[in-house]
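Peer 1: Here it is, the structure in full.
The values are calculated or read from the model by the stated rules, or taken from the named source; none is laboratory data. Predicted model only: the values in this text are computed from it and were never measured. Cβ coordinates were reconstructed from backbone atoms using ideal geometry, including for glycine residues, and neighbour counts include every protein chain displayed.
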């Protein structure tokens, strides 16, 4: 089925909020329509990508020099599963709640061993208040500090790492996959988490299946080395997907808070690139459009970019877009700047 997408927007209506007028332009351009064929193809490809590393291990046997590159392929596959879970959770795939929750839990739990309910709650709070230091869990100073205020008030691990956090950022990403899995396991112990027994069983099934398969296909020492490389690369891949989206963009505290349109645009960063960038980052390189319209199917985001960018220009709202490598430089430079109060206190 062919989907015709209008990228030349109709005239802006004069009634309603700034965001409401933009939303009408987006809807009139057909960009909120579901894309079932796209997601069917994507599920199929991601499933094939997820199976291929295990097939390669079975074929290669216990050859230490050829199995470690397979760990990189498995990390790539896991990252694509995480991106698919993200789209499902935002109801880009299914319109109703029931199939969204069932498929989301299966993809998250069995696919990568993540706690779906915990992650969804955390991610929804991030979307509601991006880069708000008190309300967005993604900029809480758990390990790193994201503003000079956090740096001045830091204690414990953030203060210890804060002096060198710009150098420690990418090495720390090797632990991100493990960190998310541990957080999901901890959340299952919370009685307030819905369907926690189901989520716990799915996470356990993933972990047991992963370890059993590795030990079946590889000697114990090599299985341990494979798992270490796989999990480290998975964490780096996740960090490289999500870090450019908001890190280094303005943060907020307290009130007043910008309206919805400005709140999402001013705290988000888009990444320029072609088809390879779109695939590697799962469409999250169009972070501004995703935050404005989180249920928009991924293949429509690049079309929405044209409308949103021009609309923001008309309102005088800064729209930040840069290349992938430049975005990492911005993140690292920001981490170095905000860590200055900690470094000054240790002189």
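A quick yes/no check of all residues on (1) touching a strand residue (DSSP E or B) at 6+ places or on another chain (Cβ under 7 Å); (2) within 17 Å of residue 178 (Cα to Cα); (3) crowded, with 16+ Cβ neighbours inside 10 Å; (4) free of Cβ contacts under 8 Å to residues at least 40 places away in the same chain:
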site	(1), (2), (3), (4)
241	no, yes, yes, no
256	no, no, no, yes
261	no, no, yes, no
264	no, no, yes, no
272	yes, no, no, no
280	no, no, yes, yes
289	no, no, yes, yes
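Peer 1: If you check 116, 38, which single one turns out to be in contact with a helix residue (DSSP H, G or I) (Cβ under 6 Å, 6 or more places away or on another chain), modelled with pLDDT under 95 and either over 30 Å from residue 153 (Cα atoms) or buried (at least 22 other Cβ atoms within 10 Å of the Cβ) (or both)?
Peer 2: From the options 116, 38, the qualifying one is 116.
Peer 1: Can you pull out the residues in segment 318-335 that are touching a residue at least 12 places away in the same chain (Cβ under 8 Å) and under 12 Å from residue 247 (Cβ atoms)?
Peer 2: Matches in segment 318-335: 327, 328, 330, 331, 332, 333, 334, 335.
Peer 1: Test residue 92 against the stated conditions and say whether it is touching a helix residue (DSSP H, G or I) at 6+ places or on another chain (Cβ under 8 Å), surrounded by 19 or more Cβ atoms within 10 Å (Cβ to Cβ), in contact (Cβ under 8 Å) with a residue 40 or more places away in the chain and assigned to a loop (DSSP other than H, G, I, E, B).
Peer 2: Here the answer is yes, as residue 92 does meet what is asked.
Peer 1: In addition: Would you check if residue 239 is more than 18 Å from residue 69 (Cβ to Cβ) and in a helix (DSSP H, G or I)?
Peer 2: In short, yes.
Peer 1: Right, another one. Could we say that residue 248 is on the phi > 0 side of the Ramachandran plot, surrounded by 13 or more Cβ atoms within 10 Å (Cβ to Cβ) and in contact (Cβ under 8 Å) with a residue 24 or more places away in the chain here?
Peer 2: Here the answer is yes, as residue 248 does meet what is asked.
Listed here are the residues, each with its yes/no results for (1) closer than 30 Å to residue 223 by Cα; (2) modelled with pLDDT under 95; (3) out of contact with any helix residue (DSSP H, G or I) (no Cβ under 8 Å at 6 or more places or on another chain).
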site: 1; (1), (2), (3): no, yes, no
site: 4; (1), (2), (3): no, yes, yes
site: 8; (1), (2), (3): no, yes, yes
site: 17; (1), (2), (3): no, yes, no
site: 29; (1), (2), (3): no, no, no
site: 65; (1), (2), (3): yes, yes, yes
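Peer 1: As an exercise: evaluate residue 221 against (1) without any contact (Cβ under 8 Å) to a residue 40 or more places away in the chain; (2) surrounded by fewer than 18 Cβ atoms within 10 Å (Cβ to Cβ); (3) under 23 Å from residue 50 (Cβ atoms) and give the number of the one condition it does not meet.
Peer 2: With respect to (1) without any contact (Cβ under 8 Å) to a residue 40 or more places away in the chain; (2) surrounded by fewer than 18 Cβ atoms within 10 Å (Cβ to Cβ); (3) under 23 Å from residue 50 (Cβ atoms), residue 221 is out only on (3).
Peer 1: A further question follows. Name every residue in segment 292-306 that is assigned to a helix (DSSP H, G or I), in contact (Cβ under 8 Å) with a residue 40 or more places away in the chain and under 20 Å from residue 274 (Cβ atoms), in order of residue number.
Peer 2: 298, 299, 300, 303, 304, 306
Peer 1: Confirm whether residue 79 is at pLDDT below 95 and either surrounded by 18 or more Cβ atoms within 10 Å (Cβ to Cβ) or over 26 Å from residue 186 (Cα atoms) (or both).
Peer 2: So residue 79 does not fit the description; no.
Yes/no matrix, rows are residues, columns are (1) within 25 Å of residue 330 (Cα to Cα); (2) assigned to a helix (DSSP H, G or I); (3) in contact with a helix residue (DSSP H, G or I) (Cβ under 7 Å, 6 or more places away or on another chain):
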| site | (1), (2), (3) |
| --- | --- |
| 55 | no, yes, no |
| 102 | no, yes, no |
| 121 | no, yes, no |
| 126 | yes, yes, yes |
| 138 | yes, yes, yes |
| 146 | yes, no, yes |
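Peer 1: Check whether at least one residue in segment 179-191 is at pLDDT 90 or above, within 23 Å of the chain's Cα centre (by Cα), under 24 Å from residue 327 (Cα atoms) and surrounded by 13 or more Cβ atoms within 10 Å (Cβ to Cβ), and report yes or no.
Peer 2: Looking through segment 179-191, at least one residue is at pLDDT 90 or above, within 23 Å of the chain's Cα centre (by Cα), under 24 Å from residue 327 (Cα atoms) and surrounded by 13 or more Cβ atoms within 10 Å (Cβ to Cβ).
Peer 1: Tell me which of these residue 215 doesn't satisfy, since it passes every other one: (1) in a helix (DSSP H, G or I); (2) touching a residue at least 60 places away in the same chain (Cβ under 8 Å); (3) out of contact with any strand residue (DSSP E or B) (no Cβ under 8 Å at 6 or more places or on another chain).
Peer 2: (2)
Peer 1: Take the conditions in a loop (DSSP other than H, G, I, E, B), over 15 Å from the mean Cα position of the chain (by Cα) and closer than 29 Å to residue 94 by Cβ and apply them to residue 273. Does it pass?
Peer 2: In short, yes.
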